[in-house]
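The next block holds one structure in the form of structure tokens; read it before the comments.
The values are calculated or read from the model by the stated rules, or taken from the named source; none is laboratory data. No experiment lies behind these values; they were computed from the predicted model shown. Counting neighbours? That spans all protein chains shown, and the Cβs are built from the backbone with ideal geometry, glycine included. Side chains are part of the model used for accessible areas, which takes the heavy atoms of the whole protein and leaves out ligands, DNA and RNA. Shrake-Rupley method; radii C 1.70, N 1.55, O 1.52, S 1.80 Å.
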Amino acid sequence: MADARPFHWEYQPPSIAPERFLVTGGAPLEGTVHVSGAKNAALKMLAAATLTGERCRFTNVPEIEDVRAMADTLADLGVVVDHPGPNTYEVSAGDVDWLFVPLEAAAKMRASFMLLGPLLSRFGEVVISNPGGDRIGRRPVDLHVDAMRALGATIDYRYGYYYAKAPGRLRGTEIRFPVVSVMGTENAMLAATLADGHTVIRPAAQEPEVDDLIAFLQKMGAQVERTAPDTIEVEGKRRLRGADHHVMPDRIEAGTFAIAAGVTGGHVVLEGADCDTMDALVEVLGRAGLAVSCNPGRMEIDARALGPGGLRAVDVETGPYPGLATDIQPPTTVLLTQATGDSHVHEAIFEDRLEWTGELARMGARIELEDAQRAVIHGPVQLTAATVEISDLRAGASLILAALAAEGTSSIGGAHHVRRGYENIERKFLDLGARIERVQEEVTTPS
């Protein structure tokens, strides 16, 4: 490991120029939008590229803040990261001279912790900060740490940092998670690709983004496969090669725009969407009364025939794939405010993910929280414009949807949260006929 660079234990967040979305509702969305690459696949692949010293090239990478933050973190480690064109990144991790992932990276995005497995497995040591991310409830990394220890690593935790070492190569083993963990599965899988021997991971997350990561690792020469729906097996290799990969489409972005058509009574075609990865949401939309048609690489949502009050109330519960994704629950909640009857929402993944509905209530939504993870949505209601604040990425997109369905012009603060996960979201909404703009807030200084 290189000599330590100067850093601060206490993180001082950078000042972010405050921005707001101004959204005028009342117009049905009409048109075609292209679905960007999946945030939750691209970030993991950028981390996986550190498993080899050869060049890895990724296309269909979303142009979002989280990707830029991961690229900056890799560059700080000494990894060569090139951005030769839109939606394309090239990563060469031949000389990683700084095996320290600081708090600055962790505070920007939780996915920085995905560097634990590959750096530890390839270089034998890493110091990495406890991760940050959206404020949607406890998201402990104990499962990641326990998986590394099962593979033979020693890990100590001091002052907010994990000090991980692997004397010699990591050793293949059986990793049994107490609950399904997407990032835990992925981190264990990346570490196992260079371990000595055979690793079995169960229950392994079944999300499509995990399978897209497996496909990339196989191109690198890794011997990894899903041998059962909830089981991934890895035979460790001593070396992996560089590879090219096209990132899968973002099913959460696709779902957000599909719901946007529903809440505005519009008609939207999603080019590049993969319906096969969205069965749970398609089923919910169908039960609510939306006309949804799926073809390879194309999804169409038509709400024009429903009319006011035409949506039906449905009960939804989030769960690991193939269940309804927790990230699509907030937009779905907005849709249910327009449905006739009482809908029940059970957020079974994160205990604080319903907190944002307080902002939705400011716009006139009638939401009754039964407890921290269960809500009853009474509908339909005519939402009205309000001044609201975004608390996290998915809540931000959802408040935009609510504003598009509301009467008047809403002012939505915290627009920077949305930039983390949606590529040029206002441009895409504008192309569908939405009235939306991003504006800089005036910053007043005390006299």
Discussion item. Less than 25 Å apart at the alpha-carbon level, and either on another chain or at least 8 residues along: which lysines does that give for Lys219?
Written reply: Lys39, Lys44, Lys237
Fill in: Helix 279-288 vs. the chain, principal-axis angle (Cα, 0 to 90°, nearest 10)
10
Worksheet, complete the sentence: Once amide hydrogens are built 1.01 Å from N within the peptide plane, the residues lying 5 or more places from Leu311 or on another chain with amide H under 5 Å from its amide H are Thr340
Worksheet, complete the sentence: Amide H contacts under 5 Å for Phe100, restricted to residues at least 5 apart in sequence or on another chain and with H modeled in the peptide plane, are Val127
Worksheet item: Do any cysteines in the chain lack another Cys Cβ under 4.7 Å, and if so which?
Response: Cys56
Worksheet item: How long is the gain from His416 to Ala291 if the chain were fully straight, where each residue apart is worth 0.36 nm and the alpha carbon distance is subtracted?
Response: 41.7 nm
Worksheet item: Per residue of the chain, what 222 nm ellipticity follows from adding -39500 (n - 2.57) for every DSSP H run with n ≥ 4, rounded to the nearest 500?
Response: -8500 deg cm²/dmol
Practice prompt. Starting from the Cα of Glu437, step 7 Å along the direction of its Cβ; do the same at Asp156; then give the gap between the two resulting points in nm.
Written response: 5.7
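Just the Kirkwood number for segment 312-442, please: inverse of mean 1/r across all distinct Cα pairs, in Å, one decimal.
It works out to 15.0 Å.
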Fill in: D_trans [Stokes-Einstein, Kirkwood Rh over alpha-carbon pairs] for segment 43-122, 4 °C, 1.567 mPa s, µm² s⁻¹
105
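Over the chain, what relative contact order in percent results from Cα pairs under 8 Å that are six or more residues apart?
21
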Worksheet item: Any idea what the relative contact order of segment 198-280 is, in percent, if you count C-alpha pairs under 8 Å spaced at least 6 apart?
Response: 26
Worksheet item: Any idea what angle helix 39-48 forms with the longest principal axis of the chain, computed on alpha-carbon atoms, 0 to 90 degrees, nearest 10?
Response: 10
Practice prompt. Find me the longest stretch of the chain that has none of the exposed GluC sites (Glu not before Pro), where exposed means in a DSSP loop (not H, G, I, E or B) with at most 11 other Cβ atoms within 10 Å.
Written response: 11-441
Worksheet item: Roughly speaking, what is the stretch gain from Glu283 to Asn424, that is 0.36 nm per residue apart minus the C-alpha to C-alpha distance, in nm to one decimal?
Response: 48.0 nm
Worksheet entry | Between segment 365-383 and segment 234-280, the alpha-carbon center distance in angstrom | 29
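Measure off, as a whole percent, the carbon and sulfur share of the 1.4 Å-probe accessible area of the chain, all protein chains present. Don't skip to the answer; put the middle values down first.
Working: 8470 of 17680 Å².
Exposed carbon and sulfur together represent 48 percent of the surface.
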Worksheet entry | Separation in nanometres of the label points that stand 7 Å from Cα toward Cβ, at Ala17 and Asp371 | 4.6
Worksheet item: Mind listing the Cα extents of the chain along all three principal axes, in Å, largest one first?
Response: 65, 61, 43
Fill in: Rough spin-label spacing in nm, given labels placed 7 Å along Cα→Cβ, for Arg239 and Thr32
4.6
Fill in: the chain - accessible surface per residue (Å², probe 1.4 Å)
40
Worksheet item: What longest range of the chain stays clear of loop-exposed trypsin sites (Lys or Arg not before Pro) (DSSP non-H/G/I/E/B, at most 10 other C-beta within 10 angstrom)?
Response: 239-447
Worksheet entry | Two-site FRET efficiency, Asp76 against Tyr163, from Cβ-Cβ distance with R₀ of 22 Å, rounded to 0.05 | 0.75
Fill in: Interatomic Cα distance distribution for segment 271-331, bins of 10 angstrom, percent
21, 49, 28, 1
Worksheet item: Which value, in debye to the nearest 20, gives the size of the charge dipole of segment 375-431 about its Cα centre, when Lys and Arg are +1 and Asp and Glu are -1 at the Cβ?
Response: 140
Discussion item. Quick check: Cα centre of segment 197-224 to Cα centre of segment 65-109, how many Å?
Written reply: 22
Fill in: DSSP-assigned coil residues among chymotrypsin sites (Phe, Trp or Tyr not before Pro) in segment 159-197, each with at most 12 further Cβ atoms within 10 Å
Tyr159
Worksheet, complete the sentence: The helix 182-192 Cα axis meets the longest alpha-carbon principal axis of the chain at an angle in degrees, between 0 and 90 and rounded to 10, of 20
Worksheet item: Taking Rh as the Kirkwood radius computed over C-alpha pairs, what is the Stokes-Einstein D of segment 145-298 at 10 °C in a medium of viscosity 1.306 mPa s, expressed in µm² per second?
Response: 89
Worksheet item: Once you have the alpha carbon radius of gyration of segment 23-68, what is it after dividing by 2.2 N^0.38 Å, with N set to its residue count?
Response: 1.71
